[in-house]
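The values are calculated or read from the model by the stated rules, or taken from the named source; none is laboratory data. Keep in mind the model is a prediction, meaning the values are calculated, not measured. Virtual Cβ from ideal backbone geometry, glycine too; neighbours counted across all protein chains shown. For the accessible areas, the whole protein counts, side chains as well, though only heavy atoms, and no ligand, DNA or RNA atoms are used. Shrake-Rupley method; radii C 1.70, N 1.55, O 1.52, S 1.80 Å.
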Amino acid sequence: MKNKSFPLSPKYIDFINSTHNVSADFLEGTTASGKTTVGAGVKFMRMVSASPKKLHIIASKTTGTAEKNIIQQDNGILDLHCNAEYFGNGDKDNKLPHIKFEGKIIYVLGYDNKDKWQNVLGSQFGCVYIDEINTADIEFVREISTRNDYLMATLNPDDPSLPVYKEFVNRSRPYKKYASDIPNEIMSELKEEPVPNWRYWFFSFGDNLSLAPEDIEKKKAAAPKGTKLYKNKILGLRGRATGLVFNLEDKNIITLEQAKKLKFIRFSAALDTAYSQSTPDTLAFIFEGITVDRKCVILDERVYNNKDLKIPISPSDIPPEFVRFLEANRQMWGFARDVYIDNADQATITECMKYKRLTGCIYNFIPAFKKTKIIDRIHLQSAWMAAGDFLVLNICKSYIAELNIYSWKDDKYEPEDGHDHCINSCQYAWLPYKSMIGSVKLEI
């Protein structure tokens, strides 16, 4: 390494020196926290140096991105390592872009080009670095993950429903020394079955000693507070950064103690179904209440995913499960006699009607009123949220997660068809009573 002034925080020093019993490092956190500089330029190159294998990989969105952000930038690989040579157009022995370092070859790939990375992945590699793994082709990540001795990946927080989280990032674990540095909402997601020796690291502005206080404040000021951009880049929290349908704020989330102090005049419930065993789509129950001062409060949820169940749920399983959910909330909050089901799901509606005939249950199963268009439902709920008239109990984590990732389509001004089963269920429950909600009257 060249003799450069490059201050390192104690956490980064520990990160660099944790080379034994580590087969993967996942680096997540805020923008400008130094993840790429220290990760790729220092520890990754150290692992390459120690590896007995000749072939290694650096992967980014494109080779141009890798050159700009990893290889040729200030304090990039070429800046830090005087014995590293980069051949951007390949050479007579290796046609692909690569770095020569200590007698070893580090291929530089763009994971946006499947034809090119497929040509390389016939070999086994020593060390692999994936830049912004959250944006990578998941097929590439799956393929390369089985072909290396050591994997390092960086990412800025993104949509937590991306498969890269469930299959890779959330299977890593932090060292106890630094577990308290990880935001609670991220720590709670590191719950997939862990892989031995996969390590998780969370880095923030404070870990980058090269940043002056005024530089940090300038970066914070560039992202408006309350936006998802601020949440992702400045706070380092997960959730899609742009195009979100709803703006969920702290004022919209309440505790059980706060909810118990409210006076409710109406309770409602609904369900939205998805029985697929091959997608992350969920089957969602929602229970909510309307208060005397016109607030809609989401009080409870229950979510199932057939993809995760050994014995999948079918329409005939829904009525008794839904009734148990309703009864638990009747005892906790109050009676919602009329409950609503997606009117497009005739199989579930038929099973619920049959269940009522055979058991005489006290609940009325009603097809959802969907004459109010989706865009108008969004308009109503967004206005209620902005006015503080729409509240969510903090235990409703699946619903909160959907609000934080439910986005507009890129090519149309309409919401995506996904991440919306709790959202749909919630809307089915309040649609019949929308005139009872909101301190500001909207003509919709």
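Placing +1 on the Cβ of every Lys and Arg and -1 on the Cβ of every Asp and Glu, with nothing else charged, gives the chain a dipole about its Cα centre of roughly 620 debye. At full extension, Ser314 and Glu217 could sit 29.6 nm farther apart than now, given 0.36 nm per residue minus the alpha carbon distance. Three principal axis extents describe the C-alpha atoms of segment 137-247; from largest down they are 42, 35, 24 Å. Eigen-decomposition of the gyration tensor built on the alpha-carbon atoms of segment 126-171 gives equivalent ellipsoid semi-axes of 17, 11, 9 angstrom, largest listed first.
Under the classification rounded if a/c is under 1.5, otherwise prolate if a/b is larger than b/c and oblate if not, where does segment 119-200 fall, given a ≥ b ≥ c as square roots of the Cα gyration tensor eigenvalues? Here segment 119-200 falls in the prolate category.
Here is the size of segment 289-444 from its Cα atoms: Rg then Dmax, 16.2, 48 Å. The residues of segment 256-394 expose, per residue, 48 Å² of accessible area to a 1.4 Å probe. Pairwise inverse Cα distances across segment 163-223, averaged and inverted, put the Kirkwood hydrodynamic radius at 13.3 Å. Quick one: in the chain, what % of C-alpha pairs are over 37 Å apart? The answer is 37 percent, as a whole percent. Pull out a ≥ b ≥ c, the square roots of the eigenvalues of the alpha-carbon gyration tensor of segment 285-369, then state rounded if a/c is under 1.5, prolate if not and a/b is larger than b/c, and oblate in the remaining case. Note, shape of segment 285-369 comes out prolate.
With both labels modelled 7 Å from their Cα along Cα-to-Cβ, the Leu256 to Glu85 distance reads 6.7 nm.
Straight-line cross-link reach from Lys104 at under 27 Å between alpha-carbon atoms covers these lysines, not counting any fewer than eight positions away in the same chain: Lys2, Lys4, Lys35, Lys43, Lys53, Lys54, Lys61, Lys68, Lys92, Lys95, Lys114, Lys116. Each label was represented as a point 7 Å from its Cα along the Cα-to-Cβ direction; for Leu121 and Glu327 these points are 5.0 nm apart. For the chain, the membrane-span-like helix rule (DSSP H, alpha carbon extent of at least 18 Å along the helix axis, mean Kyte-Doolittle at least 0.0) picks out 374-387; this says nothing about an actual membrane. Global dimensions of segment 371-444 from alpha-carbon coordinates: Rg and Dmax equal 12.4, 35 Å.
Convex hull volume of the Cα atoms of segment 1-101, normalised per residue: 118 Å³. Given R0 = 45 Å, the distance between the Cβ atoms of Gln346 and Val292 translates into a calculated FRET efficiency of 0.80.
Taking a sphere under 9 Å around the Cβ of Ala336 and counting the other residues whose Cβ falls inside, with K and R at +1 and D and E at -1, yields a net charge of +1. For segment 305-392, relative contact order (Cα pairs under 8 Å, six or more residues apart, normalised by length) works out to 25 percent. Here r is the Cβ-Cβ distance between Thr359 and Lys409 and R0 is 56 Å; the resulting FRET efficiency, rounded to 0.05, is 0.85.
Mind checking the full-extension length gain between Asn247 and Leu229? Use 0.36 nm per residue of separation minus the Cα-Cα distance, one decimal, nm.
Values: separation 18, 0.36 × 18 = 6.48 nm, distance 1.16 nm.
Length difference between fully extended and current span is 5.3 nm.
Across the chain, the mean sequence separation of Cα contacts (distance under 8 Å, 6 or more residues apart), normalised by length, yields a relative contact order of 15 percent. Derived from the Cα gyration tensor, the three semi-axes of the equivalent ellipsoid of segment 44-185 are 26, 18, 15 Å, largest first.
Test of understanding: what is the full-extension gain from Lys373 to Glu192, defined as 0.36 nm times their sequence separation minus their Cα-Cα distance?
Additional length available on full extension: 61.4 nm.
Within the chain, antiparallel bridges make up roughly 40 percent of the DSSP beta bridges whose residues both belong there.
Taking packing as the residue-averaged number of other Cβ atoms within 10 angstrom, the listed peptides 109-122, 315-328, 289-302 run from highest to lowest as 289-302, 315-328, 109-122.
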